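Following: one structure in structure tokens, then a few remarks.
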Amino acid sequence: MILHATYVRKTGLFTLAIFVGLAASIGIGWWQVDGPGSDRPMNKTKAVISPIKSMSFSLTDHEGASVGPETLLGRASMVFFGYTFCPDVCPTTLADISEWLEDLGPDAKRLNVVFISADPERDTPAVLADYVTAFHPKIRGWTGSLQDLSQAASAFRVTYKKVPLDDKDYAMDHTASVFLFDASGHFRNTIDFHENREIAVPKIRRVLRDR
């Protein structure tokens, strides 16, 4: 009888520990996605990124159409800077974005999704047009002159730098976060490189709810 009572007590404590751990995990997830902590990683960024309607830049999309800040208004937007010769971060992020869009289902139609080239010397509209076909059809490629890129990057507070390689080629260091804006063009959040889709997709859904 004593053995049985001890077993029951240990089993109960083990079950309680599992429950507490699960509750803590759920709480942390809520804090990061929908709770007060959802804005913590980007407070400094949020303070300096102006609303899209106050930005000023002009670029060209992968189909040759002129685009700018006004193109991003009226729908929630997801903006990512990168380049087509990127060996890892950019294709991985665009693949992640494609998965997020699939997870969103019909709600993906309510998003602007833009990949802005940080390497306009090589990323012509034709190069971008070929590149984005490897990813979700919702993703648009934008490019322009070096001056155009400078204006766009400044508006989004993005940094980028050409890095020479040994074979006389070059790579581009650049900000790797995905920026989220609501339909009125106000900055809401970021999604970091390799962020879990269980966190990323709810962030996007939250922005879709914002007006």
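Check each of the GluC sites (Glu not before Pro) in the stretch 82-188 and keep only those in coil by DSSP with at most 15 other C-beta atoms within 10 angstrom; list them in order.
Those that pass, being in a loop and sparsely packed, are Glu121.
Which entries in Lys53/Lys203; Lys138/Lys203; Lys161/Lys203; Lys109/Lys203 show an alpha-carbon gap greater than 24 Å?
Lys161/Lys203
What are the semi-axes of the equivalent ellipsoid of the stretch 101-154, taken as the square roots of 5 times the eigenvalues of the Cα gyration tensor, listed largest first and rounded to whole Å?
24, 14, 6
Can you bin the stretch 130-174 into rounded, prolate or oblate? Criterion: square roots of the alpha carbon gyration tensor eigenvalues sorted a ≥ b ≥ c, rounded for a/c under 1.5, prolate for a/b above b/c, oblate for the rest.
Verdict is oblate for the stretch 130-174.
Kindly identify the stretch 73-211 as rounded, prolate or oblate by the Cα gyration tensor criterion: order the square roots of the eigenvalues as a ≥ b ≥ c, call it rounded if a/c is under 1.5, otherwise compare a/b with b/c, prolate if a/b is larger, else oblate.
Prolate.
Where a number appears in this text, it was derived from the coordinates with a stated rule and is not lab data. Remember, it's a predicted structure, so these values are computed and weren't measured experimentally. We place every Cβ from the backbone using ideal geometry, glycine too, and count neighbours over all the protein chains shown.
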